[in-house]
1. List pairs: first in the stretch 232-245 and modelled with pLDDT under 70, second surrounded by 10 or more Cβ atoms within 10 Å (Cβ to Cβ), Cβ under 7 Å, 6+ apart or cross-chain?
2. Given the criteria loosely packed, with under 14 Cβ neighbours inside 10 Å, under 25 Å from Ala200 (Cα atoms) and not aromatic (Phe, Trp, Tyr), does Asp69 qualify?
3. Do we have Phe25 as surrounded by 15 or more Cβ atoms within 10 Å (Cβ to Cβ) and assigned by TED's automatic domain parsing to the domain that holds Leu151 here?
4. Counting only residues that are basic (Lys, Arg) and free of Cβ contacts under 8 Å to residues at least 12 places away in the same chain, which one in the stretch 108-159 is nearest to Ala182 (Cα to Cα)?
5. Hey, can you tell me all the residues within the stretch 66-98 that are among the aliphatic types (A, V, I, L, M), closer than 17 Å to Val140 by Cα and either in a helix (DSSP H, G or I) or free of Cβ contacts under 8 Å to residues at least 60 places away in the same chain (or both)?
6. Just one of Gln130, Gln159, Gln112 is out of contact with any Gly (no Cβ under 8 Å at 6 or more places or on another chain) and either surrounded by fewer than 16 Cβ atoms within 10 Å (Cβ to Cβ) or of a type in the set (Val, Ile, Thr) (or both); which is it?
Amino acid sequence: MAEGLRERKKRQTRQRISDTATDLFFSRGFDAVRVVDVAAACGVSEKTVYNYFPTKESLLLDREAHLADVLREALGPTALVASPIEAVKQAFTAEIGAFFDRAGAARGDFRQVLRLAEVIESSPSLRAAQRDMVDRLAHVAAEAMARRAGLDPLDPAPQITANAITGLWAVAFRALRREAEARTDDAAAHAAVVADIEQAASLLETGLWSFDLLVQGHDDRDHLASAARASDRSRERVLARLRRARETWARARPSDAPTSPGA
């Protein structure tokens, strides 16, 4: 559906308030800027600012609603990609691409993430708000996957998967900071951030067993024996899940469906 004039004006006003607030926070510091200062700089009332942003912290952490929508689309019942990890990897990779596109189009610099990190780390209320935001996004992810799987969102499986999935965004942000500190050019930085997301997603897809083996080490016979046992346990768990998946598929398949030669 095409965006109407009213919706476009609201979106533009919200973006203007957020951009203005970010500029003020970067130049003066988060705690030195009041919401009324943001309103005055935008030429709107303080009430108008609060109509768009419920808290002062949300003026800077303004991507939560968008990221929640991204997670619901990638993980919910209507998701187009079967694997939750693969779906979120693709979604977050697209988000990083859009971030670099915006920076380039505005003749900006992706290294602004360093200033953002500095402002967040300088304010206890912002750090707390960021943690709360991540918790809420993890709940969105758990709820979306639970709906798709027919589970309670509070079950362990969607909970731990959701925490791991939201961790991919933290991986991306840390990679951005690293590349900004190294003064990497935009194209190389973009590629490096995507590579980190893909590496972390690949680790999640293996069930962490590969990293578990690495942490255990391999410098003596005891370590090797422990690693072998861990590998066997991981293999057994994977096989058990495959058996359950086949049984579920067999129950769900219509009785008159053709059987494949390898079944």
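The values are calculated or read from the model by the stated rules, or taken from the named source; none is laboratory data. All values derive from a computational prediction rather than experimental measurement. Using ideal geometry, Cβ is built from the backbone for each residue, glycine included, and neighbour counts are taken over all protein chains shown.
1. That search, which allows pairs on different chains as well, returns Ser234/Gly207; Ser234/Trp209.
2. On the way: loosely packed, with under 14 Cβ neighbours inside 10 Å: yes; under 25 Å from Ala200 (Cα atoms): yes; not aromatic (Phe, Trp, Tyr): yes.
When the stated conditions are applied, Asp69 passes them.
3. Details: surrounded by 15 or more Cβ atoms within 10 Å (Cβ to Cβ): yes; assigned by TED's automatic domain parsing to the domain that holds Leu151: no.
No: the conditions fail for Phe25.
4. Of all residues in the stretch 108-159, those basic (Lys, Arg) come to 111, 115, 127, 131, 136, 147-148.
Now restrict to residues that are free of Cβ contacts under 8 Å to residues at least 12 places away in the same chain: 127, 131.
On the way: Arg127: 24, Arg131: 26 Å.
Top of the filtered list is Arg127.
5. Of the stretch 66-98, the ones among the aliphatic types (A, V, I, L, M) are 67-68, 70-71, 74-75, 79-82, 85, 87-88, 91, 94, 96, 98.
Next, from what is left, pick out any that are closer than 17 Å to Val140 by Cα: 67-68, 70-71, 74-75, 79, 85, 87-88, 91.
Within the stretch 66-98, Leu67, Ala68, Val70, Leu71, Ala74, Leu75, Ile85, Ala87, Val88, Ala91 meet the criteria.
6. Gln112
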